[in-house]
Amino acid sequence: MDQRVSQVLSPNPLLEEWDGPHGLPPFGSIRSEHFVPALQVAMQAHRDELDAIAAQAEPPGFDNTIAAFDRCARQLARIESVFYNLTASQTSPQLQAVQREMAAPMAAHYNAVFMHAGLFARVDALHARRDTLALTPEQRRLLERTHLDFVRSGARLAPEAQARYAQVMERLAEATTQFAQNVLHDEASYQLLLQGEADLAGLPGFVRDAARQAASERGLADGHVITLSRSLIVPFLSFSERRDLREQAWRAWVGRGEHAGEHDNRPVARAILELRAEQAALHGHASYADYALTDTMAGTRDAVHKLLDEVWPRALAALAREREELEQVMREHRPGSATHAIEAWDWRYWAEKVRQQRYALDDAQIKPYFPLPRVVQAAFDCAQRLFGLQFSARDDLPVYHPDVKAYEVRDGAGAVVAIFLQDNFARATKRSGAWMSTLRLQSRNEPGGGTSIPVVLNNNNFAKGAPGAPTLLSLEDARTLFHEFGHGLHGMLSDVTYERLSGTQVLKDFVELPSQLFEHWITEPAVLKRHARHWQTDEPIPDALIERMHAARRFNQGYETVRYCASTYADMAVHSLPRAQIPADLSAWEAQELRRLGLPDGVGMNHRLVHFQHLFSGSGYAAGYYVYLWAEVLDADGYEAFKEAGDPFDLRVADRLRRFVYASGNSLEPGAAYASFRGRGPQVEPLLRKRGLLETVG
Ligand SMILES: [Zn+2]
């Protein structure tokens, strides 16, 4: 018997009823070999559902077509979400092989869904007479959204164009999978081994502890290891006295994806760009950026550039002032000895010295007040005070790794409204960065008439404390935790009827609003006084330290803004190229583009193209890295509503925020949703003020 068929016939936990607590996946019994047969069965079941909708004798109506389509694919969605969560957070060579094997068949499946002629005929007919259907506003939005999903996936193309489009999408799925695996390979295989005190010079205790822990996780009995995980390499670059080692680590960090051989991302990125240009051309757009931006708040490249161009010269001016401060401090530290130009591997080191000297502030001073469990409690407490949510740990719920913590989330009336899983630590089997994902979406349109509460995940990549020692976060880490928790709340508070409109499935330049807005609370003095307590003494953080943190909050924002904008300009530029102009040598093109832009030396970018996972590990943020800045206009302006109310937990402002932003998913047009929360449209000044960029106005 064919091996695959026998696997289908033998018990496959992915295909069984998940009747454990809250319908969570039975992680303990899921193995990598279960995915291929389960995905195949679930894809076939989904196609059968669609055929049944298309084959109905009854004429198309909202419920038998649009709402019915929204109720489809629950089995496939739950298997896919387990698959994607494991490949991101707890992968293995076996799972990576499944990912490569299934990338094209799964893309082919979604091509078949959105090019289903009989189904699209019904959707299109309803869309044409949408004004006559007496729909609720949410139903109307679902109909328009569903129709647009079909059109943007090629439903309207001629048959030959559809066939080519399908090939392009399958190849894109394979190439983006390869890109992500190449980055993970380069991150997992690099380590800077530090041996002896000379190599550790300048590193405070928390960096040494984390580097020791990383060494033992990599099977080294002694010594210290710096990996390319942000929570290790950034402190290393900030504190190490060893300029030669900083340069080595920096070069490894920015060289990810750029090594000749089988993990080289340069040809992969180029192939992705060519495929996207062709995808856009099939839709009749001049470039991929044009195609991607038509379905955003910004709408056009011009609108994105207008915002970027407003910020860029101010950021360069701020950067020049910061460089002068850095050089001044370098001269003070090395009286009489030679100074040197500040290179990219020097910037954070001297910036840290300026922070210590000018603001009497360093991470080693702050971190004892940010033990991880306290920061988690702070996030929960803010959610409780703003939105009435209660989090209770459930150590008995099934999780995929012992480090994952599970919580039941209850509303003010005591009903369980969501399940929250938090996976905080870096490990070699997890991709870098921090993100929110789901195992199940909120909806009141389930097959059989039921409702579904969301199961939301947050991943961070914090360096774990040594055994017996606490995990202490930097302020940046704590902000990241709040950011992802803000995304999490967007999923957990979702209160819509239709799954397609629930949670974070909003336009991509709105999706960072709930996350970035939530970051504001971690630096509220009232929150710090309550939750930032010394891990040994339980003393609350001193007022003087809060004041110094506050005074330093705009320091180095020129550097951060310039690095972010450089990556954003590169993203927009590379996705604006027509197919014929996509460069053979992407790295040379990037360097030339940065010179044209006037990126000063010694700064670098947030992400170089060869490892820019936002752009090339999937298509969600392609021609879309600008969304953070776009949403920052909204979050900076939005937080002022609490300031105007005089209380960071003002209940009336919080209630509007919940209704129109965190709970409404994609059921409202985002501009209108924001205006309903704020009482007016957004203004850009709060963003410029927050980043300290206003004083450079001439
Ligand atoms: Zn985010």
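Summing -39500 (n - 2.57) over the DSSP H runs of n ≥ 4 in the chain and dividing by its residue number, what mean residue ellipticity at 222 nm do you reach, to the nearest 500 deg cm²/dmol?
Numbers: 28 runs with 373 residues, N = 698.
Computed ellipticity for the chain at 222 nm equals -17000 deg cm²/dmol.
Tell me which lysines have Cα within less than 30 Å of K690's Cα, excluding those fewer than 8 residues away on the same chain?
K306, K353, K367, K508, K529, K643
Once both labels are modelled 7 Å past Cα along the beta-carbon direction, what's the A201-T132 spacing in nm?
8.2
Just add up the charged neighbours of R140: K/R +1, D/E -1, any other residue whose Cβ is under 11 Å from the Cβ of R140.
-1
Give me the number: length gained by fully extending E560 to D395, i.e. 0.36 nm times residue separation minus the C-alpha to C-alpha distance, one decimal in nm. Before the final figure, lay out each step's value.
Working: separation 165, 0.36 × 165 = 59.40 nm, distance 3.88 nm.
That works out to 55.5 nm of additional length.
Return one number: the angle in degrees, 0 to 90 and rounded to the nearest 10, between the long axis of the Cα atoms of helix 372-387 and the longest principal axis of the Cα atoms of the chain.
On a 0 to 90 degree scale, this one is about 50.
Non-local amide H neighbours of F425 (under 5 Å, H modeled in plane, Pro and chain starts lacking H): which ones?
N460, F462
To test your reading of the geometry: what angle, between 0 and 90 degrees and rounded to tens, separates the Cα axis of helix 586-597 from the longest principal axis of the chain?
Helix 586-597 sits at roughly 60 degrees to that axis.
Mind sorting R208, R122 by how few other Cβ atoms lie within 10 Å of their own Cβ, fewest first?
Values: R208 15, R122 21.
Lowest to highest Cβ neighbour count: R208, R122.
In whole Hz and in residue order, list the ³J(HN,Hα) couplings for the range 342-358 that follow from phi through the Karplus curve 6.51 cos²θ - 1.76 cosθ + 1.60, θ = phi - 60°; x for Gly and Pro.
Values per residue, Gly and Pro as x: 7, 8, 4, 7, 9, 4, 4, 5, 6, 4, 5, 5, 5, 4, 5, 7, 7 Hz.
Please report T523, T227 as a ranked list, fewest other C-beta atoms within 10 angstrom at the top and most at the bottom.
Ranking T523, T227 by Cβ neighbours within 10 Å, fewest first, gives T523, T227.
Quick check: pseudo-label points 7 Å beyond the Cα along Cα→Cβ at R152 and E310, how many nm apart are they?
2.4
I need the calculated FRET efficiency for the pair D647 and V416, taking r as the beta carbon distance and R₀ as 25 Å, to the nearest 0.05.
Efficiency for this residue pair is about 0.30.
Calculate, for R321 and R595, the FRET efficiency according to 1/(1 + (r/R0)^6) with r their C-beta to C-beta distance and R0 30 Å; round to the nearest 0.05.
The formula returns an efficiency of 0.85 here.
Please list, in order along the range 655-672, the HN-Hα scalar couplings obtained from phi with the Karplus expression 6.51 cos²θ - 1.76 cosθ + 1.60 (θ = phi - 60°), rounded to whole Hz, x for Gly and Pro.
5, 5, 4, 5, 5, 9, 10, 6, 9, 8, x, 9, 7, 10, 5, x, x, 5
Below 18 Å, Cα to Cα, which lysines can K430 reach? Residues fewer than 8 away in the same chain don't count.
Output for K430: K405, K464.
Just want the ordering: F179, F616, from fewest to most Cβ atoms lying within 10 Å of their own Cβ.
F179, F616
Taking H placed 1.01 Å from N in the peptide plane, check which residues at least 5 places from V225 or on another chain put their amide H under 5 Å from its amide H.
L194, R212, A214, A215
Could you give the length gained by full extension between Y110 and D48, i.e. 0.36 nm per residue of separation minus their alpha carbon distance, to one decimal place?
My answer for the length gained is 21.0 nm.
Would you mind computing, in nm to one decimal, how far apart the modelled labels at A675 and E160 are, each placed 7 Å from Cα along Cα→Cβ?
Placing both labels 7 Å along Cα→Cβ, they lie 4.6 nm apart.
Compute the signed sum of charges (Lys and Arg +1, Asp and Glu -1) over the other residues within less than 11 Å, Cβ to Cβ, of L193.
-1
Which whole-Hz ³J(HN,Hα) couplings does the range 35-51 yield from phi under the Karplus relation 6.51 cos²θ - 1.76 cosθ + 1.60, θ = phi - 60°, glycine and proline marked x?
6, 4, x, 5, 5, 5, 4, 5, 5, 5, 4, 4, 4, 5, 4, 5, 4
Go ahead and run the numbers for FRET between E101 and Q328, Cβ-Cβ distance against an R0 of 51 Å, rounding to 0.05.
Working from the Cβ atoms, E equals 0.35.
Relative contact order for the chain: what percent, with Cα pairs under 8 Å and sequence separation of 6 or more?
16
Counting only DSSP beta bridges with both residues in the chain, tell me the antiparallel percent, nearest 5.
80
Just to be sure I understand the curve: with the Debye formula and one point per C-alpha of the range 251-390, what is log10 I(q)/I(0) at q = 0.09, 0.10, 0.11, 0.16 Å⁻¹?
Ignoring solvent entirely, the Cα scatterers give -0.66, -0.80, -0.93, -1.07.
Determine the relative contact order of the range 1-90: mean sequence separation of Cα pairs under 8 Å and six or more apart, normalised by residue count, in whole percent. All intermediate terms of the calculation are to be shown ahead of the outcome.
Values: 49 pairs, mean separation 26.6, N = 90.
In percent, rounded to a whole number, it is 30.
Over all distinct Cα pairs, what is the inverse of the mean 1/r for the range 322-403, reported as the Kirkwood hydrodynamic radius in Å?
Every distinct Cα pair counted, the radius reaches 16.9 Å.
Using only Cα atoms, find the angle between the long axis of helix 230-239 and the longest principal axis of the chain, and express it within 0 to 90 degrees, rounded to the nearest 10.
20
Note the full-extension length gain between D244 and Y84 as 0.36 nm times their separation in residues minus their Cα-Cα distance, in nm to one decimal. Write down the numbers at each step before the final one.
Working: separation 160, 0.36 × 160 = 57.60 nm, distance 3.88 nm.
Separation in residues times 0.36 nm, less the Cα-Cα distance, equals 53.7 nm.
Please work out the C-alpha center-to-center distance from the range 338-371 to the range 38-95 and express it in whole Å.
50
Hey, what did the range 353-463 get for relative contact order, percent, Cα under 8 Å, at least 6 apart? Show your work: numbers first, answer last.
On the way: 157 pairs, mean separation 20.1, N = 111.
The normalised contact order for the range 353-463 reaches 18 percent.
Which whole-angstrom value gives the distance between the alpha carbon centres of the range 240-299 and the range 119-158?
33
Return the long-range amide H neighbours of L361 (sequence gap of 5 or more, or a different chain), with a cut-off of under 5 Å between placed amide H atoms.
Residues meeting the amide H criterion: Q356.
Given the range 123-176 reduced to its alpha-carbon atoms as identical point scatterers, what log10 I(q)/I(0) does the Debye formula return at q = 0.28, 0.29 Å⁻¹?
For the range 123-176 at q = 0.28, 0.29 Å⁻¹, log10 I(q)/I(0) is -1.03, -1.07.
Evaluate the Kirkwood expression for the hydrodynamic radius of the chain, namely the inverse of the mean inverse distance over all pairs of different C-alpha atoms, and round to one decimal in Å.
Hydrodynamic radius (Kirkwood, Cα only) of the chain equals 26.7 Å.
A short reminder: the numbers here are calculations on the coordinates, not readings from a lab. Remember, predicted model here, so these are calculated numbers, not experimental data. Heads up, the Cβs are rebuilt from the backbone with ideal geometry, glycines too, and the neighbour counts pull from every protein chain shown.
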